[in-house]
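This report refers to the structure that appears directly beneath it.
Quick note: the coordinates plus some simple rules give every number you see, no bench work behind them. Everything numeric here is computed off the predicted structure, so don't read it as measured data. Because the Cβ atoms are built from the backbone with ideal geometry, glycine has one as well, and the counts that use them run over all protein chains shown.
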């Protein structure tokens, strides 16, 4: 059974199609791993073991007609993605036991592909945070070292994949929320091009930046998940009408002649030397496979974090105004009138990080400050987009660290909000420019994983995944398990 | 930029939040630290730059105006904190 847990999603899918493993057997194996590890990790807010076993039994009959390579593979879903009739609360008190009356587009598409959902994954409240410590349901812990955070906001997703409690997960990424926890937990995760995956049914944080994507064991697994979920959806007006579904078939591992740029400003002050060394070693592996790597200057880096937090908080303050204790979710038990109902529900229902971002967003949008902050940030965003356009005239991909450090200890980050925000410096640029970006394991420091990030031009998922796949053909960081003895 | 407790009160009112007195000073300090850092943007010249809300050109997306059933009322009401047979229930809003 332990061996089954170490398979990639595609390997398990192939074993299911070959009849070597039944879907129920795979599901039970994951549920057993979950039962063993969940008490120390807290990856799940809602575990749906019974539904999963019923679904596994039902799917088995169709295994011969399976179209997706992920047919029958057990997975899990971040708690900000709607699942019809299954509690979806964004790790917030204010949503109570909200059970959505509809499925998100990605939930539907994974169901069509034949995936088995094991439940809903822990996260920072409303995806606001970098550690999964702001969850109303308590923090998730890092499977590599339970005194450390798994990253965030998709921390439950990254930890569950690393803990072998599922073969892949759907997360969301607004400023790094797939990539940074993937990095901290030693798994592979990709935020695809903005608009390439429908956001219908994704509970909004910052709508112009939010994007759904997979966290999995390998780049090939991520390609297979994107093949299942990408593509036009008329229910999301920002959804792009572009071809989808061929990423897995385009993975060759051949990156000869590919030009990869290393932005020199991503290797400066604040970056831990062990992380810098591991990312440079990644460049050397890609070079050995025939890529051409060179350092170049990308001067806008110091403006990325302020631009991101102005835009993200502004959109959050607007998006979260819908939580008022009237239509769904939790309501404060005592109130005097309608305004008092709103104020008490929101003040008691939101956690402090969410309140801080709502206040910041309201401030940057308020009369007298709008031009100085919000409008200014949108202008800087235009310059950032231009800078990326210029970089991709020269390079096929960019290679950077994912996070300046490896996973911090629990409790270290929340005491200083600004310091936590600053650690998002390498991940927020791809969201501001709407670009595909992937995090992959590239080394270890003191027994915990380090991640490297590949950023591609818009709709450049194939190149990003192919470079990651090439790297994973020559390395085994992505194969290491927190339950193996070889890593310490 | 200086963030006063009065400014925290003002944006709290706009946000329908009501911070307890003991949290206001702390929040003012945190917001000031973050806003001061956001002021880094002032060192970048953006004169004449058109603000960009979406990185890809968005255009109106039209669809045929077909009549389809709307969501079931009972299903939508079932998640409400307080309701009657047909509507959400809130305190009286207009005298």
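Place the peptides B:41-51, A:295-305, A:313-323 in order of packing, highest mean first, counting for every residue the other Cβ atoms within 10 Å and averaging per peptide.
Highest-to-lowest ranking by the protection proxy: A:313-323, A:295-305, B:41-51.
Go ahead and set up a Gaussian network model of chain B, Cα springs under 10 Å, then flag whichever of B:85, B:22, B:32 fluctuates most.
B:85
Considering the convex hull of the alpha carbon atoms of the range A:111-170, report its projected area averaged over all viewing directions, in nm², one decimal.
For the Cα atoms of the range A:111-170, the hull's average projected area reads 4.2 nm².
Say R0 is 30 Å: what FRET efficiency, to the nearest 0.05, do residue A:36 and residue A:57 get from their beta-carbon distance?
0.85
Would you please give the FRET efficiency between residue B:13 and residue A:445, computed as 1/(1 + (r/R0)^6) with r the Cβ-Cβ distance and R0 = 41 Å, to the nearest 0.05?
FRET efficiency, residue B:13 to residue A:445: 0.30.
At a Förster distance of 51 Å, what's the computed FRET efficiency of residue A:241 paired with residue B:72, Cβ-Cβ distance as r, to 0.05?
Working from the Cβ atoms, E equals 0.95.
I want to check the label-to-label distance for residue A:18 and residue A:50. Put each point 7 Å from Cα in the C-beta direction and report it in nm to one decimal.
That separation, rounded to one decimal, is 3.6 nm.
Can you tell me, using C-alpha contacts under 8 Å and at least 6 residues apart, the relative contact order of the range A:204-319 as a whole percent?
32 percent
Taking 7 Å along the Cα-to-C-beta vector as the label spot, tell me the residue A:322-residue A:348 distance in nanometres, rounded to one decimal.
Going by the 7 Å Cα→Cβ label model, 2.4 nm.
Could you give me D for the range A:300-447, from Stokes-Einstein at 10 °C and 1.306 mPa s, where the hydrodynamic radius is the Kirkwood radius over C-alpha pairs? Units µm² s⁻¹, please.
88 µm²/s
Just counting partner chain Cβ atoms within 10 Å, what average do the residues of peptide A:94-104 show around their Cβ?
2
List, largest first, the extents of the alpha carbons of the range A:375-488 along their principal axes, each in whole Å.
Dimensions of the range A:375-488 along the principal axes of its Cα atoms: 50, 40, 16 Å.
Considering only DSSP beta bridges whose two residues both sit in the protein assembly as shown, what percent are antiparallel, to the nearest 5?
70 percent
Decide, for the range A:126-246, between rounded, prolate and oblate: order the square roots of the alpha carbon gyration tensor eigenvalues as a ≥ b ≥ c, take rounded if a/c falls under 1.5, and otherwise choose prolate if a/b is larger than b/c, else oblate.
oblate
Count, for each residue of B:73-82, the Cβ atoms from other chains sitting within 10 Å of its Cβ, then give me the mean as a whole number.
5
Which value in nm describes the separation of the simple spin-label points at residue B:65 and residue A:476, placed 7 Å from the Cα toward the beta carbon?
So the label points at residue B:65 and residue A:476 sit 6.5 nm apart.
For a test of the definition: using alpha carbon positions, the gyration tensor, and the 1.5 limit on a/c, classify the range A:349-424 as rounded, prolate or oblate.
oblate
Return the ratio Rg/(2.2 N^0.38 Å) for chain B, where Rg is computed over Cα atoms only.
Against the empirical 2.2 N^0.38 Å value, I get 1.84 for chain B.
Relative contact order of chain A, please, whole-number percent, based on alpha carbon pairs below 8 angstrom and at least 6 residues apart.
Averaging sequence separation for qualifying contacts and normalising by length gives 18 percent for chain A.
For the protein assembly as shown, what does the helix formula give at 222 nm: sum of -39500 (n - 2.57) over DSSP H segments with n ≥ 4, over the residue count, nearest 500 deg cm²/dmol?
So the helix-based figure for the protein assembly as shown works out to -11500 deg cm²/dmol.
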